[in-house]
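Following: one structure in structure tokens, then a few remarks.
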Amino acid sequence: MISWIAPLQPLLLGAVLLWSARLKLLSRHAPAAARRSALAQLLGEQRALPAYRLVGGVEAVLAGFLLAPPPLPAEAAAAALLSLGFAGYLGYARLAAPSSSCGCLSASRSPIGWRSFARTGALLAASLLALPAATPWTAVLADRPSAAAVVLLAGAAVLTALSPELDRHWLDQLRQLKVRLTKPLPTGFDVPLDSTVEQLRRSPVYAETAVLLTSDLREHWDDDDWRILVYSARHSGGTEVSAVYAVPRLRYQPAAVRLALVDEPTGQVLLTRQSAPDAPLPDWTVPVPAAAGAAG
């Protein structure tokens, strides 16, 4: 059985390394992820981002070798050494910078815990399992497509479950589904307006656009699962507009907040903003930006 499972491990490892390298090399959130990682304390903030991108480059190169047939023991050994290096980094970060984020597979803030170590252990096990591989993974997929798909999906599911930074893509969705199905909130319950405003101020969209606001909250209303908050704002060229934020009403999900700048006389939408799918969650230690001109 191991004769056809082992060749699939380079494909799984290569896919994980490519995903990780994508964040470090291509994501616009890489600088923030590097600053939140333990690299900032280990190497200093100035060197954290170059080191972060260097790791991404190593991951990308190794992923290319793993995915390109034929499988070689040296590639699996290199993946095992990289996994051991990750384990050492996680151990250092846990001791020296316990509040730091892993920055491994997503820019979302995720403190290092047991799942991060377990994921590294799983990658190490996959690397060791790939050592005796003699058949390309392409041949296994051709000969045993169903069985190979089951093995790969199971491996991907385990690695996803062991990645706390990916919770927002699946675990949070399951929790929201549970809330919708079980309806734990009593009938007639209404979320306080102050709670909605606080969620807005914790959102990436608000952090990006608060400087445009020129008033406190003007009006608000509920629209199904959304609460609409309206402020006065100033667009480019000094144009007075309305900033219309849509904030989740019955769930706490700051990254889901959306904005539209609307020219009231014409009803024209001048600008829209929403968080990128892989945008980092708000940094709770950073003060919330105050609305410009709100004091006046």
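The values are calculated or read from the model by the stated rules, or taken from the named source; none is laboratory data. Small disclaimer: the values here were computed from a predicted structure and weren't measured. In this analysis, Cβ positions are derived from the backbone assuming ideal geometry, glycine residues included, and neighbour counts consider all displayed protein chains. Please note that ligands, DNA and RNA were not included when accessible areas were found on the heavy atoms of the full protein model with its side chains. Shrake-Rupley method; radii C 1.70, N 1.55, O 1.52, S 1.80 Å.
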What length, rounded to one decimal in nm, is gained on full extension from Thr239 through to Gln46, with 0.36 nm per residue of separation minus their alpha-carbon distance? 65.6 nm
Scoring the chain by relative contact order with C-alpha pairs under 8 Å, at least six apart, yields a percentage of 17
Carbon and sulfur atoms: what percent of the 1.4 Å accessible area of the chain do they account for? 64
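If contacts are Cα pairs under 8 angstrom and at least 6 residues apart, what is the relative contact order of region 84-223 in percent? All intermediate terms of the calculation are to be shown ahead of the outcome.
Numbers: 61 pairs, mean separation 27.3, N = 140.
Rounded, it is 19 percent for region 84-223.
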Stretched fully, the stretch from Ile2 through Ala87 gains (0.36 nm per residue minus C-alpha distance, one decimal, in nm) 28.0 nm
In nm, spacing of pseudo-spin labels at Phe117 and Ala77 (7 Å Cα→C-beta vector): 2.8
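Per-residue ellipticity at 222 nm for the chain, helices alone: DSSP H runs ≥ 4 residues times -39500 (n - 2.57), over residue total, nearest 500 deg cm²/dmol?
Values: 12 runs with 153 residues, N = 296.
The per-residue figure over the chain is -16500 deg cm²/dmol.
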Could the peptides 66-74, 102-110, 121-129 be put in order, highest first, of the mean number of other beta-carbon atoms found within 10 Å of their residues? 102-110, 121-129, 66-74
Hey, of [x] 70, 47, 37; [y] 60, 47, 36; [z] 64, 55, 46, which did the structure itself give for Cα extents along the principal axes in Å when calculated? [x]
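Considering the convex hull of the alpha carbon atoms of region 162-272, report its projected area averaged over all viewing directions, in nm², one decimal.
Values: hull surface 33.8 nm².
If I average the Cα hull's projected area over directions, I get 8.5 nm².
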Over region 1-71, equivalent-ellipsoid semi-axes from the Cα gyration tensor in Å: 30, 11, 10
Please give, to one decimal in nm, the separation of the simple spin-label points placed at Ala147 and Leu174, each 7 Å out from Cα toward the Cβ. 2.9
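With a 1.4 Å probe and all protein chains left in place, how much accessible area per residue does the chain have, in Å²? Working shown, then result.
On the way: 15380 Å² over 296 residues.
Averaged over the residues of the chain, the accessible area is 52 Å².
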